[in-house]
Amino acid sequence: MILACQGIRQSFGTDVILRDASFHIEEREKAAIVGINGAGKSTLLKIIVHELEPDSGEVILAKGRTLGYLAQHQDLESKRTIYQELLEVKRDVIDLEDRLRRLEQEMKELSGDHLQTALDTYTRLNHEFEQKNGYAYKSEVVGVLKGLGFLEKDFEKEVNTLSGGQKTRVSLGKLLLSRPDVILLDEPTNHLDMASIAWLETFLLNYDGAVVIVAHDRYFLNRVVTKIIEIDNGQVTTFQGNYSDYASKKAQLREAQMSAWLNQQKEIKHQEEVIAKLKSFNREKSIRRAESREKLLGKMEVLEKPVEVRSEMHIRLEPEIVSGNDVLTVEGLSKAFGPLSLFTNLNFEIKRGERVALIGNNGTGKTTILKILNGLLDADQGSFCLGTKVKIGYYDQEHHVLHMEKTLFEEISDTYPGLDNTKIRNTLAAFLFTGDDVFKRIQDLSGGERGRVSLAKLMLSEANFLILDEPTNHLDIVSKEILEEALNRYTGTVLYVSHDRYFINTTATRILDLTEGQLVNYIGNYDYYLGKREELSPASLSDNGFTAEADPISTGKLDWKQQKEEQARIRKRENDLKKTEEEIFELETRDQEIDELLMKEEIYTSTAECLKLHQEKEAIHERLEQLYETWEALA
């Protein structure tokens, strides 16, 4: 064990954030702290690094071990360049190298015992230099900088001139180079593009020390961690495995808790009915038996009903009218800012019902494309055409679609003047804004809260073509999952930019990868994209800047007819899966009804009825076995 928290309790006023939080981290272990926004994840990290003193409990770090901490927001001030700032982490190695160089010069003038003493010192220092990877420290610094997305031309930029996100990347690089025994990271992927996140995953997986991460990036957590520390209503619970393992175990645990609660409620109701019946006999013996049962019922430890967090926020996206099959056609689109050319001659189409993810490294022009499609920017060349009856709903990561001076209530009522007060309040309540919250000004909201207001406006728009720019930014994992479900149920068309690989994997039916000013098309989700990306060579890019990815069955380019067939196959599989799940639910419900019927006296005393119900039960079980196999194949 390298780090342990024992009995940590923390409250702010009357709000208890952590109750008796206890867990431990082993050497080289990779763990994640998860929970909804406001659960206390960042608070727990601050307690571990002693930035915050808990009300009670203690943090134990193994003797002689070091902690390194990266907070969410960095206010790094330095007149050094980016390269110099990271090089400073290796100051002890640099000083050691300087001493070795000076000794080399001095030994040229020495002889006899003085030379021998200098040689011994040189040998000892050189060994220490090698132990500290001295001969490769500059390469190590360059490798970390490039891994975190800095280009060589960026190395000479002064730290003070950088954006907040760039400063966070510099701070992350310094922390990784310092190699503490335990690394604590608070949302490390927020300011990284996909390539940098993949590099960080590999770095952390191979890291000799322990790592504790707070992150909403589920794909990242699946790749890196082997333990999940969950904060839920102040309670801390540890789960072994990655995020998917945790989500599965959490669902099973909640199902078991709900089952136990339902069974207890059924037992309580049964006992109350028996007590009432005994009392109705109005005999001394029956009354005594009723009182005895009442005492036992009074001693029962009543279970609390499990809370379903996912039910708190409701997103229902549904188009008002159905668009034509051709939703968007883009031809010859080009855009540059001064000497910087983002993309040239882009051509692509989007059909009704598709959920298309536009991906690419930071600065390639993804958000610019969305702004052009929404009329917020003009293209240098090219054009785009919307299909018949297409109505756009736009979600902007910078929330320019919101008016900062307005209250939440005014933002909705001014945009949709036909809504009455009750409808507006109900809509905002569905996105967790209740009571006087609706009179807060947009400018006073956090990033996550502004995101929820934008989603509320989107829900009311009844658009049939959603264009979303980083819709999962600032959302916690539960909110992301709710949004994923809403988009997967949505019958309109979606084009979005996101760096959330789990979100893309769950929602996308097609991926457009913007790389080197051109688009490469992949018919599938993120896992499919990863598998196929390496197969494409630069030579396969066509002259118009768009490549159709080869269908698994066909060796030629995938035209729109083949793509429609592929989409139809996917939709059929999804429909078959839905029908199978519905039949399973109906049969399982009927199976439970039969169990309840067999407990009734008028049934279990009738041989004919018992036989009939048992035969029906056997037929249900036989059909369920077939359905379970079908479901596994489809899922």
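No value in this document is a laboratory result; all are computed from the given coordinates. Bear in mind that the values here come from a model prediction, so they are computed numbers and not experimental data. So basically every Cβ, Gly included, is an ideal-geometry build from the backbone, and we count neighbours across all protein chains shown.
Under 20 Å from the Cα of K335, which aspartates and glutamates turn up, not counting those fewer than eight places away in the same chain?
Cα-Cα hits under 20 Å: E349, D378, D380, D396, D469, D513, E516, D543.
Please list the three semi-axes, largest first and in whole Å, of the ellipsoid equivalent to segment 129-226, using sqrt of 5 times the eigenvalues of its alpha carbon gyration tensor.
Values: eigenvalues 88, 72, 27 Å².
After scaling each eigenvalue by five and taking roots: 21, 19, 12 Å.
Please report, in whole Å, how far the alpha carbons of segment 96-141 spread along each principal axis, starting with the longest.
So the extents along the principal axes, rounded to whole Å, are 39, 16, 9.
Tell me the mean residue ellipticity at 222 nm calculated for the chain from its helices only (DSSP H runs of n ≥ 4, each -39500 (n - 2.57), averaged over every residue, nearest 500).
Value at 222 nm, helices only: -15000 deg cm²/dmol.
Return the long-range amide H neighbours of E354 (sequence gap of 5 or more, or a different chain), with a cut-off of under 5 Å between placed amide H atoms.
Long-range HN contacts for E354: V494.
Find the eigenvalues of the gyration tensor of the Cα atoms of segment 326-557, then list the square roots of 5 times those eigenvalues as equivalent ellipsoid semi-axes, largest first, in whole angstrom.
34, 19, 16
Just checking my list (i) 25.7, 81; (ii) 50.7, 165; (iii) 30.9, 116 against Rg and Dmax of the Cα atoms in Å computed from this structure; which label fits?
Only one listed value fits the structure, namely (iii).
Quick check for me: using +1 on Lys/Arg Cβ and -1 on Asp/Glu Cβ, what's the dipole size of the chain about its Cα centre, in debye to the nearest 20?
640 debye
Quick check of the Kirkwood formula: for segment 570-634, what is the inverse mean of 1/r over all pairs of different Cα atoms, in Å?
Value: 13.1 Å, from the Cα pair sum.
With charges only on Cβ, +1 for K and R and -1 for D and E, what is the dipole size of segment 255-307 about its Cα centre, in debye, rounded to 20?
For this selection, approximately 400 debye.
Compute log10 of I(q)/I(0) for segment 204-321 with the Debye formula, placing one identical point scatterer on every Cα and leaving out solvent, at q = 0.15, 0.18, 0.19 Å⁻¹, to two decimals.
Listed by q, the Debye log ratios stand at -0.85, -1.01, -1.07.
So if I take the alpha carbon set of segment 431-531, get Rg, then get Rh from the Kirkwood formula, what is the Rg over Rh ratio?
1.02
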